[in-house]
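Read the structure below first, then the notes.
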Amino acid sequence: MSRSSLVVLALLLAAEPAVPPSEPHLVAGAEAFRAEAYDKALVEFRVAEALGSTEASWYAAASLLKLGRPEDAVEAFVLAERSNRAATDALLEVYRGQACYAAGLLICADRWFESAGSRAGPRLVPQLKALRGAIRDALQPAQLAPAIDGLLTRGTELAGTRPALAFAIAEEAEALAARSPTRHRQAEATALTARLAAPPPRGRR
Amino acid sequence: MKRCALMLVLVLASTAGAEELAPRTRALLHEALEARLTLPTEPPSLQRPVLPPSLPAPAAAAARESTTAATRAGQNAAANRAAQDVANGRGRPSDPSESARNAAGQARAAEARATGGNGATHGNPNGPPPGKGGGKP
């Protein structure tokens, strides 16, 4: 073996894959989440996020849901998706669906429960199916118009300060409008959603 | 020259993927989420729930005060540890840059304020109230 080959070998052995700085915080966040210390988990995930982990954003969103802050969770899930769409899985989708459900965004909840249901395990599938059935029953045509009005008001209010949350709300209004027999304020909802859609990506965050 | 280039490529290839989540970390995260997964039991409603405000800008002063309260209550022990960790660069030999440290510190402070501040009103270390996504099945 030549001398340069030995040098290469030595360098390869020395160059262990570095542990990303966010890793210990993700581990600490997972432990805190498991211990139901969701406030601590949220802090750890936020620190991991600040240190460059885009995956941490998904777990921060789940922690927000557990802290009883469903709107913040919905917003965090939208932002997590925008920064790293690939980092989600069926379990995170169930959490996301729950955030939407608790925030009263039923079409959004249905969408994520459906997506998760196609990949979830046998324990979850019937529960998700039951939830989706209940959502279908709750979407009574007579109640759609007032719900759309409320969503558009809230979405417009938040458009300037929390565009990601406003986007989720506008999307819900748009989806409800499409189901409304009169297409109640559909054009308005579509326009608001389009205005709040994420700007084209400019590379990894 | 060619050998140098090859060497560089090999070394870079060996360190590539350092930003990937370690399988063990991913498994820990997955297990934690799975262990605490609970599905809502209350019927769905198109009526949007009345939610407490989530740290609006005018509440900044209150949030500053709540940081002290949170510290007193010992709620942000993890936050302090995390910030200390970040500030010291402990456990991260790679390169916690100054800006990353600052960002982490800010994240810690913001969340400590948010969780501490909301703790008095709607934060709940044991999970959300029933019907807010955290009820036991």
Among the residues of the stretch A:106-153, how many are in contact with a helix residue (DSSP H, G or I) (Cβ under 8 Å, 6 or more places away or on another chain) and either touching a residue at least 60 places away in the same chain (Cβ under 8 Å) or within 12 Å of residue A:177 (Cα to Cα) (or both)? 10
Mind listing whichever residues of the stretch A:31-56 are surrounded by fewer than 24 Cβ atoms within 10 Å (Cβ to Cβ), among the small types (Gly, Ala, Ser) and part of a helix (DSSP H, G or I)? A:32
Those residues of the stretch B:20-37 which are of a type in the set (D, E, K, R), over 17 Å from residue A:123 (Cβ atoms) and surrounded by 12 or more Cβ atoms within 10 Å (Cβ to Cβ), in sequence order: B:20, B:26
Unmet criterion (only one of (1) modelled with pLDDT of 95 or more; (2) part of a helix (DSSP H, G or I)) for residue A:161: (2)
Filter the stretch B:42-52 for residues that are out of contact with any His (no Cβ under 9 Å at 6 or more places or on another chain) and either at pLDDT below 75 or surrounded by 12 or more Cβ atoms within 10 Å (Cβ to Cβ) (or both); which is nearest to residue A:113 (Cα to Cα)? B:44
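The values are calculated or read from the model by the stated rules, or taken from the named source; none is laboratory data. All of these numbers come straight from a predicted model, not from anything done at the bench. Don't worry about glycine lacking a Cβ; one is built from the backbone with ideal geometry, like all the others, and counts go over all protein chains shown.
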